[in-house]
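Remarks on the structure that follows.
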Amino acid sequence: MDTPDPALQAQQDRRKLWRAFNAALAFVAVLLACFAAQQQMDWRAFAVAPQTTAGLAGVLSSPLLHGSFKHLAANASALLILGTLAGAVYPRATLRALPLLWIGGGIGAWMLGQAGSHHLGASGLTHALMFLLLTLGLLRRDRAAIATGMIAVLF
């Protein structure tokens, strides 16, 4: 059995990390652009309105909206860190899970939210990414997986 070259493995790991960081950074840039556009329009039609049929449309769009710059900054920093971790350690699993995490967070807000309110932001996505990292860390049980899960929970 051939042992992998440590220098080659380190180079591949750096490439995976940069690719994941750039993807997370690109998503944060999309959030910033949406926040800028949101200031010029009535965003309520794009937010989750719990327990209403019309409010289901917000399941797809609400993670792109934020109530304030402080709210955006909190979610952006979490998405940058957790997205980079998930994309670097579990690239395929993350790509497969993201649509489910996105929709699941929106449906959870729609089902559990208070009627008459509007829910927006990527907090559901950040919490889902943390749970994904923790769960995969517990299931895989290798050093990188366990470290990633611990960092996600501590963050």
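The values are calculated or read from the model by the stated rules, or taken from the named source; none is laboratory data. This structure is a prediction, so every number in the text was calculated from the model and none was measured. Counting neighbours? That spans all protein chains shown, and the Cβs are built from the backbone with ideal geometry, glycine included.
Checking the structure you have, find out if any residue of the range 20-35 is out of contact with any Ser or Thr (no Cβ under 7 Å at 6 or more places or on another chain), outside any helix (DSSP H, G or I) and touching a residue at least 40 places away in the same chain (Cβ under 8 Å). Break it down stepwise before answering.
Narrowing the range 20-35 to residues out of contact with any Ser or Thr (no Cβ under 7 Å at 6 or more places or on another chain): 22-23, 25-35.
Then keep just the ones that are outside any helix (DSSP H, G or I); that gives none.
There is no residue in the range 20-35 that is out of contact with any Ser or Thr (no Cβ under 7 Å at 6 or more places or on another chain), outside any helix (DSSP H, G or I) and touching a residue at least 40 places away in the same chain (Cβ under 8 Å).
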In this structure, does residue 87 turn out to be of a type outside the set (A, V, I, L, M), within 11 Å of residue 133 (Cα to Cα) and touching a Ser or Thr at 6+ places or on another chain (Cβ under 6 Å)?
yes
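For the range 116-155, give me each residue that is of a type in the set (A, V, I, L, M, F, W, C) and without any contact (Cβ under 8 Å) to a residue 24 or more places away in the chain.
Start the filter on the range 116-155 by keeping residues that are of a type in the set (A, V, I, L, M, F, W, C), which leaves 120, 122, 125, 128-134, 136, 138-139, 144-147, 150-155.
The answer is 131, 134, 138, 139, 146, 147, 150, 153, 154.
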Tell me the residue from 80, 139 that is over 19 Å from residue 38 (Cα atoms) and at pLDDT 95 or above, please.
80
